[in-house]
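Novice: Quick one: this structure, given as structure tokens, is what I'll be asking you about.
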Amino acid sequence: MSSWRIFCTGVGGQGTLLATYLIGEAALKAGLPVMVSEIHGMAQRGGVVESAVVMGDRKSPIISDGEADILLAFEPSEAMRALRKCNSETLVISNIVPLIPFTVSSGKESYPEVDKLLDSIRNQVRRFIGFNALELARKAGSELSQNMVILGVLFKHGGLPIDAEIMRDMIRTKTKKAFLDVNLRAFELGYSL
Amino acid sequence: MNHLLERETGKKLLLLGNEAIIRGGLEAGVRFATAYPGTPSTEIADGFYHISLQEPLYFEYSVNEKVALETAAGAAISGVRTLCCMKHVGLNVAADALMTLAYVGVKGGMVIVTADDPSLHSSQNEQDNRYYARLSGLPMLEPADPQMAKEMTIAGIELSEINQIPVLLRTTTRVNHSRCAVTLGDLPEIKAPEGNFEKDPFNLVVVPMVGRQLHLRLLEKKKKLQEESEKSPFNFTEGTGKWGIVTSGVSYNYVLDAVEDLGIKDKVTIFYIGMSHPFPTQIATDFLNKVESVLVVEELEPYLEETLKVTAFEASIEKEIAGKGDNLIPRHFEIDPGIVKKAISNFFNLESPPAETLSVSEVPSRPPNLCPGCPHRATYYIIKKIVNPETIYPTDIGCYTLGVLPPLSMADFLICMGSSVSSAGGFSKAQKKPIVAFIGDSTFFHSGITGLINAVTNDHNFVLVILDNGTTAMTGHQPHPGVEFGPQGKIEPKVKIEDVVKGCGVKSVAVINPLQIKKSTETIQKLLDSDSRGVKVIIAKSPCPLYERRVMGKKQKIVFEITDECDLCKDCLELACPAIFYEKAREGEERIFINETLCSGCSVCAQVCTAIKAKKKN
Ligand SMILES: Cc1ncc(C[n+]2csc(CCOP(=O)(O)OP(=O)(O)O)c2C)c(N)n1
Ligand code: SF4
Ligand code: SF4
């Protein structure tokens, strides 16, 4: 069966749902069967936001444990939490800048050492691509464009059957006009990694 | 233009299940829609709302689900095509109306969407609303994906209108919140409702004498609907194998993937039951006769499994039928493709290697939290400081329920919307600890008012805090009757909370702005000190900052910072504001700081500690 199962995870406010939506639109444009699943509800209040895009010959809109082909993580500790969705063949694409959860900032729990965390992921999967999405987004003009940076990396290294030009088109037509230039710049910065 | 108003027939759009339901409604000529928001159904309501702003279609956010259904019933009995949507627990609120509306029926087609939430992604329980179809006698349709959701909405309106009975469309979160390519059909002109009510009291006024006749008529209708179910395109079988698999809803997709992965396509017959009530007994009997054994793949309760077993019993068919049970399909939470693959392998004795798992190391939990600057936090902080530490806090459902988390820990009892007020009354009569109950503004209108009247009438003794943030924040900022601010600025509320409270007979009422800590503390203290017994109400009024920024376009001018005067007393941490960070690199190297991007400038922390000062936001 040829299919691409992309599991996305991040923190409310990072724009993960927009990213999955855009991948879905791009797949539709490219003529691929596609399903996107989202969990709404708690997204605004700093909780974990998980979503999935499944393309190709599959019917299920969600991804079981161990079955993701690609993990798209917007935050390193969330990459680790979502590692349950991965297997040794998974490609993990992850932002390396931590977003400290409230449980840590209030002194109740602790955040693991990022390098160790990333190494542990790297050692278990086929390929790991970690990068500073925040820095690249700032360079593009807005911290809010981290999701576009991550999409850029996905389209460069993800081996998706969709031309990057289609994704650029989606960014042009489906994201807010006011952020268009920043978004495209951010996508290119990710794409050139 | 709203993408759901696209006129190009045959075009494919990537639609959310909820959008597909709206589109289906529009294609079927729905002109009247009502709802009370609730995840995972909310986008249906919000979508109709936005369309109603530019098209003559009527939509309202009703005050609660019962009101929504009864309002819709008025339209449907006048011959208008109608859609009413709610989350699964909303149907409990509407159940009284539902049960007898089933007797009375409708004239214009009516679809009632009940959106179930297996796994309780954002709900207080995961009840299985398929039982409502059996309980009420109403037909039920269950889609597997957004495309089918659209088709079933259209078919539901037709089925309803032909049989003069409301139709239940039952979805689950994974259908509501999944997107797939949906093919558009013809969109008729969207018109204003033009109903016509014809008097017919001996069919429409359900006194016992009428009710008896109507029940007989409902049973007649059910016979006819049974025939519809037997020929419904939504009840179908695939394949000719001897291994039977029965499924419905989103689980169908998991079955298809599992069958493909296991390479058993030629061995199975899959029976999809999309019209689950009335149950297609004849198709089921034919299916049972053809297969050797049956696995039922369904989420939550063994609803189809039990129905199928009864069917087999009545047809004297002795075959193994299983579903729930060890190594098969669990009765709790969502299922997924992996669970289904394992269950199919176990049931049909197939080799299936367990999925490989990686080692996941521990990471800190990340529960959702009240936003920085949320007025609910300030209210909790003030009250916690001044009341007896033994105080019991019955609470309610909304953003403010997040106050249950430490360090605020301001919630002790909750069962459903409205339970804060009424349970507080029970506590006050049954035990001695003092009680402060919390309820949101939208929840107050939804189901708090009757409880308040009850409390006044029966001399209950507690303090009720109404958290008036000017919106229904939890579900994405829908309006409610007391809204005072909209995109256009200040507006005169249709119904003032204070007037309602006084109208309910409450004598002691105080209004505070919780972002003013000192003043609010004094006002509340005074209210608590007054020796009158009975119900005292505090209205904590301050708009949700997210709503202010998103809907009203308010710009933030200042942020706060922790200056060198900080002596690490940690008082500010009691606020639990997510913008305030505590860091301890090692012993003796502690610091507290405010993240300026997160800070909403509410100033509450600065009122708690003089080491915190304002500065301009850049
Ligand atoms: C019967 C029922 N209907 C709907 C919901 C979904 N729901 C939960 S809280 C809520 C509204 C909360 O609004 P409000 O009381 O104003 O509190 P806020 O979120 O604004 O703090 C809704 C609609 C529910 N849980 N139960
Ligand atoms: S959305 Fe509004 S009411 Fe809800 S937690 Fe955030 S600030 Fe508070
Ligand atoms: S002013 Fe203080 S309490 Fe308010 S949001 Fe900013 S840091 Fe939090």
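Novice: Could you list all residues from the stretch A:125-153 that are part of a loop (DSSP other than H, G, I, E, B) and either more than 12 Å from chain B (Cβ to nearest Cβ) or touching a strand residue (DSSP E or B) at 6+ places or on another chain (Cβ under 9 Å) (or both)?
Specialist: Here is the first cut: in the stretch A:125-153, the ones part of a loop (DSSP other than H, G, I, E, B) are A:125-126, A:132, A:141-142.
Those that are part of a loop (DSSP other than H, G, I, E, B) and either more than 12 Å from chain B (Cβ to nearest Cβ) or touching a strand residue (DSSP E or B) at 6+ places or on another chain (Cβ under 9 Å) (or both): A:Val125, A:Arg126, A:Asn132, A:Gly141.
Novice: On to the next question. May I ask you to say which residue of B:Val456, B:Val495 is more than 23 Å from B:Tyr381 (Cβ to Cβ), open to solvent by 10 Å² or more (accessible area, probe 1.4 Å) and in a helix (DSSP H, G or I)?
Specialist: Values: B:Val495 fails: in a helix (DSSP H, G or I).
Checking each option against the conditions leaves just B:Val456.
Novice: Take the stretch A:89-110 and flag every residue that is within 7 Å of chain B (Cβ to nearest Cβ), under 25 Å from A:Phe128 (Cβ atoms) and not in a loop (DSSP other than H, G, I, E, B).
Specialist: Residue satisfying the conditions is A:Val104 alone.
Novice: For B:Gly448, are the conditions met, namely being under 17 Å from B:Ala473 (Cβ atoms), more than 16 Å from ligand 2 (Cβ to nearest atom) and under 22 Å from the mean Cα position of the chain (by Cα)?
Specialist: yes
Novice: For the condition within 14 Å of chain A (Cβ to nearest Cβ) and either closer than 30 Å to B:Ile339 by Cα or not aromatic (Phe, Trp, Tyr) (or both), what is the one hit in B:Leu184, B:Leu216? I'd like the intermediate steps shown before the answer.
Specialist: On the way: B:Leu216 fails: within 14 Å of chain A (Cβ to nearest Cβ).
Answer to the selection: B:Leu184.
Novice: To continue, here is another question. Considering the stretch B:336-390 alone, what residues qualify as being within 7 Å of chain A (Cβ to nearest Cβ) and touching a strand residue (DSSP E or B) at 6+ places or on another chain (Cβ under 6 Å)?
Specialist: If the condition is that a residue be within 7 Å of chain A (Cβ to nearest Cβ) and touching a strand residue (DSSP E or B) at 6+ places or on another chain (Cβ under 6 Å), then B:Arg366 is the only one that fits.
Novice: Go through the stretch B:437-453 residue by residue and tally those that are open to solvent by 10 Å² or more (accessible area, probe 1.4 Å) and hydrophobic (A, V, I, L, M, F, W, C).
Specialist: Within the stretch B:437-453, residues that are open to solvent by 10 Å² or more (accessible area, probe 1.4 Å) and hydrophobic (A, V, I, L, M, F, W, C) number 3.
Novice: Kindly list the number of the only condition in (1) within 23 Å of B:Pro367 (Cβ to Cβ); (2) away from ligand 1 (no atom under 16 Å from the Cβ); (3) within 14 Å of chain A (Cβ to nearest Cβ) that fails for B:Pro545.
Specialist: (2)
Novice: Could you please give the count of residues in the stretch B:446-492 that are over 21 Å from B:Gln431 (Cα atoms) and either without any contact (Cβ under 8 Å) to a residue 40 or more places away in the chain or within 16 Å of ligand 1 (Cβ to nearest atom) (or both)?
Specialist: Selection size over the stretch B:446-492: 30.
Novice: Find all pairs meeting these conditions: Cβ atoms under 7 angstrom apart; at least six residues apart or on different chains; first residue within the stretch B:258-276 and without any contact (Cβ under 8 Å) to a residue 12 or more places away in the chain; second residue among the aliphatic types (A, V, I, L, M).
Specialist: Short answer, once both residue conditions are applied: B:Glu260/A:Met1.
Novice: For the stretch B:562-597, enumerate the residues that are within 9 Å of ligand 3 (Cβ to nearest atom) and either over 21 Å from A:Pro101 (Cβ atoms) or modelled with pLDDT under 90 (or both).
Specialist: none
Novice: Would you confirm whether or not the stretch A:145-155 contains a residue that is open to solvent by 40 Å² or more (accessible area, probe 1.4 Å) and of a type outside the set (Ser, Thr, Tyr)? Don't jump to the end; show me each part of the working.
Specialist: Just the residues of the stretch A:145-155 that are open to solvent by 40 Å² or more (accessible area, probe 1.4 Å), to begin with: none.
No, the stretch A:145-155 has no match at all.
Novice: Also, I was wondering about something else. Please verify whether the stretch B:6-15 includes one or more residues that are away from every other protein chain (no Cβ under 14 Å) and either in contact with a Lys or Arg (Cβ under 7 Å, 6 or more places away or on another chain) or under 25 Å from B:Leu135 (Cβ atoms) (or both).
Specialist: Scanning the stretch B:6-15 turns up no residue that is away from every other protein chain (no Cβ under 14 Å) and either in contact with a Lys or Arg (Cβ under 7 Å, 6 or more places away or on another chain) or under 25 Å from B:Leu135 (Cβ atoms) (or both).
Novice: Right, B:Lys385: within 16 Å of ligand 3 (Cβ to nearest atom), among the charged types (D, E, K, R), out of contact with any helix residue (DSSP H, G or I) (no Cβ under 6 Å at 6 or more places or on another chain) and assigned to a helix (DSSP H, G or I) or not? Let's see the steps before the verdict.
Specialist: Working: within 16 Å of ligand 3 (Cβ to nearest atom): yes; among the charged types (D, E, K, R): yes; out of contact with any helix residue (DSSP H, G or I) (no Cβ under 6 Å at 6 or more places or on another chain): yes; assigned to a helix (DSSP H, G or I): yes.
Spelling it out, B:Lys385 is indeed within 16 Å of ligand 3 (Cβ to nearest atom), among the charged types (D, E, K, R), out of contact with any helix residue (DSSP H, G or I) (no Cβ under 6 Å at 6 or more places or on another chain) and assigned to a helix (DSSP H, G or I).
Novice: Does the stretch B:276-314 hold any residues that are open to solvent by 40 Å² or more (accessible area, probe 1.4 Å) and farther than 26 Å from B:Ala115 by Cβ, and which are they?
Specialist: Pass one, the stretch B:276-314, residues open to solvent by 40 Å² or more (accessible area, probe 1.4 Å): B:281-282, B:286, B:289-290, B:292, B:301, B:306, B:309-310, B:313-314.
If the condition is that a residue be open to solvent by 40 Å² or more (accessible area, probe 1.4 Å) and farther than 26 Å from B:Ala115 by Cβ, then B:Thr281, B:Gln282, B:Asp286, B:Asn289, B:Lys290, B:Glu292, B:Lys309, B:Val310, B:Phe313, B:Glu314 are the ones that fit.
Yes/no per residue for (1) at pLDDT 95 or above; (2) within 16 Å of ligand 1 (Cβ to nearest atom); (3) at positive phi:
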{"site": "B:Ser361", "(1), (2), (3)": "yes, no, no"}
{"site": "B:Pro364", "(1), (2), (3)": "yes, no, no"}
{"site": "B:Pro368", "(1), (2), (3)": "no, yes, no"}
{"site": "B:Arg377", "(1), (2), (3)": "yes, yes, no"}
{"site": "B:Lys384", "(1), (2), (3)": "yes, no, no"}
{"site": "B:Glu390", "(1), (2), (3)": "yes, no, no"}
{"site": "B:Thr395", "(1), (2), (3)": "yes, yes, no"}
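Novice: Could you give every pair whose Cβ atoms fall below 6 Å, whose first residue belongs to the stretch B:341-355 and is open to solvent by less than 100 Å² (accessible area, probe 1.4 Å), and whose second residue is at pLDDT 95 or above and aromatic (Phe, Trp, Tyr), counting only separations of at least 6 or pairs across chains?
Specialist: B:Phe348/B:Trp243
Novice: Can you name the residue in the stretch B:590-609 that is open to solvent by 40 Å² or more (accessible area, probe 1.4 Å) and within 13 Å of chain A (Cβ to nearest Cβ) and is also nearest to A:Val11 (Cα to Cα) among such residues? So that I can check it myself, show each step before the final result.
Specialist: Of the residues in the stretch B:590-609, the ones open to solvent by 40 Å² or more (accessible area, probe 1.4 Å) are B:590-591, B:593, B:595-598, B:607.
Next, from what is left, pick out any that are within 13 Å of chain A (Cβ to nearest Cβ): B:590-591, B:593, B:595-598.
Numbers: B:Glu590: 26, B:Arg591: 25, B:Phe593: 21, B:Asn595: 16, B:Glu596: 18, B:Thr597: 15, B:Leu598: 14 Å.
The qualifying residue nearest to A:Val11 (Cα to Cα) is B:Leu598.
Novice: Still on this structure: What number of residues within the stretch A:45-88 are more than 9 Å from chain B (Cβ to nearest Cβ), assigned to a loop (DSSP other than H, G, I, E, B) and open to solvent by 10 Å² or more (accessible area, probe 1.4 Å)?
Specialist: The qualifying residues number 1.
Novice: Further question: Between residues in the stretch B:405-416 that are more than 14 Å from chain A (Cβ to nearest Cβ) and residues that are open to solvent by 80 Å² or more (accessible area, probe 1.4 Å) and of a type in the set (Lys, Arg), which pairs lie under 7 Å by C-beta distance while being six or more apart or on different chains?
Specialist: From residues that are more than 14 Å from chain A (Cβ to nearest Cβ), the pairs are B:Met410/B:Lys384.
Novice: Being among the charged types (D, E, K, R) and open to solvent by 30 Å² or more (accessible area, probe 1.4 Å) is true for just one of B:Arg23, B:Arg31. Which residue is that? I'd like the intermediate steps shown before the answer.
Specialist: Working: B:Arg23 fails: open to solvent by 30 Å² or more (accessible area, probe 1.4 Å).
After ruling out the rest, the residue left standing is B:Arg31.
Novice: When residues of the stretch B:392-410 are filtered for being within 14 Å of ligand 2 (Cβ to nearest atom) and open to solvent by 20 Å² or more (accessible area, probe 1.4 Å), how many remain?
Specialist: 5
Novice: Oh, and also: So which of B:Lys570, B:Lys536, B:Lys584 is in contact (Cβ under 8 Å) with a residue 12 or more places away in the chain, within 13 Å of chain A (Cβ to nearest Cβ), of a type outside the set (Phe, Trp, Tyr) and more than 16 Å from ligand 2 (Cβ to nearest atom)? Show your work before the answer.
Specialist: Numbers: B:Lys536 fails: within 13 Å of chain A (Cβ to nearest Cβ); B:Lys584 fails: in contact (Cβ under 8 Å) with a residue 12 or more places away in the chain.
Only one candidate qualifies: B:Lys570.
Novice: In the stretch B:361-387, which residue that is under 20 Å from A:Glu78 (Cα atoms) and of a type in the set (D, E, K, R) is nearest to ligand 2 (Cβ to nearest atom)?
Specialist: B:Arg366
Novice: Shifting gears a bit: Out of the strands (runs of 3 or more DSSP E) lying entirely within the stretch B:105-186, which hold 1 or more residues that are surrounded by fewer than 24 Cβ atoms within 10 Å (Cβ to Cβ)?
Specialist: Details: elements: B:110-116, B:167-172, B:178-183.
Qualifying strands (runs of 3 or more DSSP E): B:178-183.
Residues are listed down the side, and each one gets a yes or a no for (1) within 14 Å of chain A (Cβ to nearest Cβ); (2) more than 16 Å from ligand 1 (Cβ to nearest atom):
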{"position": "B:Leu91", "(1), (2)": "no, no"}
{"position": "B:Gly109", "(1), (2)": "no, yes"}
{"position": "B:Ser122", "(1), (2)": "yes, no"}
{"position": "B:Leu138", "(1), (2)": "no, yes"}
{"position": "B:Ala144", "(1), (2)": "yes, yes"}
{"position": "B:Leu159", "(1), (2)": "no, yes"}
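Novice: The conditions are (1) within 22 Å of B:Thr100 (Cβ to Cβ); (2) of a type outside the set (D, E, K, R); (3) touching a residue at least 40 places away in the same chain (Cβ under 8 Å); (4) open to solvent by 20 Å² or more (accessible area, probe 1.4 Å), and B:Thr237 fails exactly one of them. Which is it?
Specialist: Single failed check for B:Thr237: (1).
Novice: Here is a check on your reading of the model: is A:Gly66 farther than 23 Å from A:Ala26 by Cβ and at pLDDT below 95?
Specialist: Values: farther than 23 Å from A:Ala26 by Cβ: yes; at pLDDT below 95: no.
Against the criterion (farther than 23 Å from A:Ala26 by Cβ and at pLDDT below 95), A:Gly66 does not qualify.
The values are calculated or read from the model by the stated rules, or taken from the named source; none is laboratory data. Nothing here was measured: the structure is a model prediction, and the numbers come from that model. Cβ atoms come from the backbone with ideal geometry, glycine included; neighbour counts cover every protein chain shown. We work out accessible area using only protein heavy atoms, side chains counted, and drop any ligands, DNA or RNA first. Shrake-Rupley method; radii C 1.70, N 1.55, O 1.52, S 1.80 Å.
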